[in-house]
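Below is one structure; the comments refer to it alone.
The values are calculated or read from the model by the stated rules, or taken from the named source; none is laboratory data. Values in this document were obtained by computation on a predicted structure and should not be read as measured data. When we count neighbours, we look across all protein chains shown, and the Cβ atoms used for this are built from the backbone with ideal geometry, even at glycine.
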Amino acid sequence: MLGKKVKALQDAKEKYEYGVLKIQDTQAMVADLEADLKVSSVEVEKIKEVADAQAKTVGAEKEIVDAEAEKANTESAKCAVIATNVAAEMAAVQKDLDAALPAVEKAEAALAGLNVKDFEMLKALNNPPAAVANTFHCVLHLLSGVSPDVPVTKTGKLNVEAPWKASLKLMANPNAFLAVLNGFK
C-alpha cells in the first residue's frame, strides 16, 4: 500500500512537473501571440487610417484592413481563452501537488523508520499476514524494471506466480534491499 501510494505520488509529481513545463511553454506562446497581436493591431490601425483617407480610390484596401482586424480580434479572444485555461490548469496542478506532498512526506518518514532487523523478522515468515503479503506485492510492482532481482516480462511488467517467494529473494540481503527502497524515487 505504501509503495502504491509512493508510486501514485511520484506519478502525480511527474504529471505536475510536466504540466508546469507545458504551462510555462503555453504562457510563453501566449505572450508571443499577445506581442504579435499588439504589433498587428498597430499596423492594422495605420492601414485603416490610410485607407479611410483614400477611401474613394482604395475601397478594396479597406475591406482587407477590416478582415485583418477581425482576425486580430479572433486571435485576441483565443489568447484570452488560452490564458484562462492555463491559469485554471496551473491552479489544479498546484492543488494536486499540495495534496500529495504530505502523503509523500509521510511515506518517506515511514521508510526512514525501517531497519534491517525488520526485514530479518519478515524473512522468517513462511506465510505472512495478508497485509504484509499485499504490501510486498506492491513493492515488487514498484521495483519492476528498476531492480534486476525482480522478474519481469519483456514489456517490463511483474512476472511472478508467488509474490512472497520473490519478496523473500529481494530480502535475502536486507541491507541491499533497504538501500534499494531508500534509493527509490
>> Suppose we filter Lys38, Lys4 for residues that are out of contact with any Asp or Glu (no Cβ under 7 Å at 6 or more places or on another chain), modelled with pLDDT under 85 and surrounded by 12 or more Cβ atoms within 10 Å (Cβ to Cβ); which single one remains?
In response: Lys4
> Taking the stretch 99-132, which residues are surrounded by fewer than 16 Cβ atoms within 10 Å (Cβ to Cβ), among the hydrophobic types (A, V, I, L, M, F, W, C) and more than 27 Å from the chain's Cα centre (by Cα)?
Replying inline: Leu114, Val116, Met121, Ala124, Leu125, Ala130, Ala131, Val132
> List the pairs whose first member sits in the stretch 1-14 and is assigned by TED's automatic domain parsing to the domain that holds Met90, whose second member is in a loop (DSSP other than H, G, I, E, B) and of a type in the set (Lys, Arg), and whose Cβ atoms are under 8 Å apart, counting only residues at least 6 apart or on separate chains?
Replying inline: Gln10/Lys185
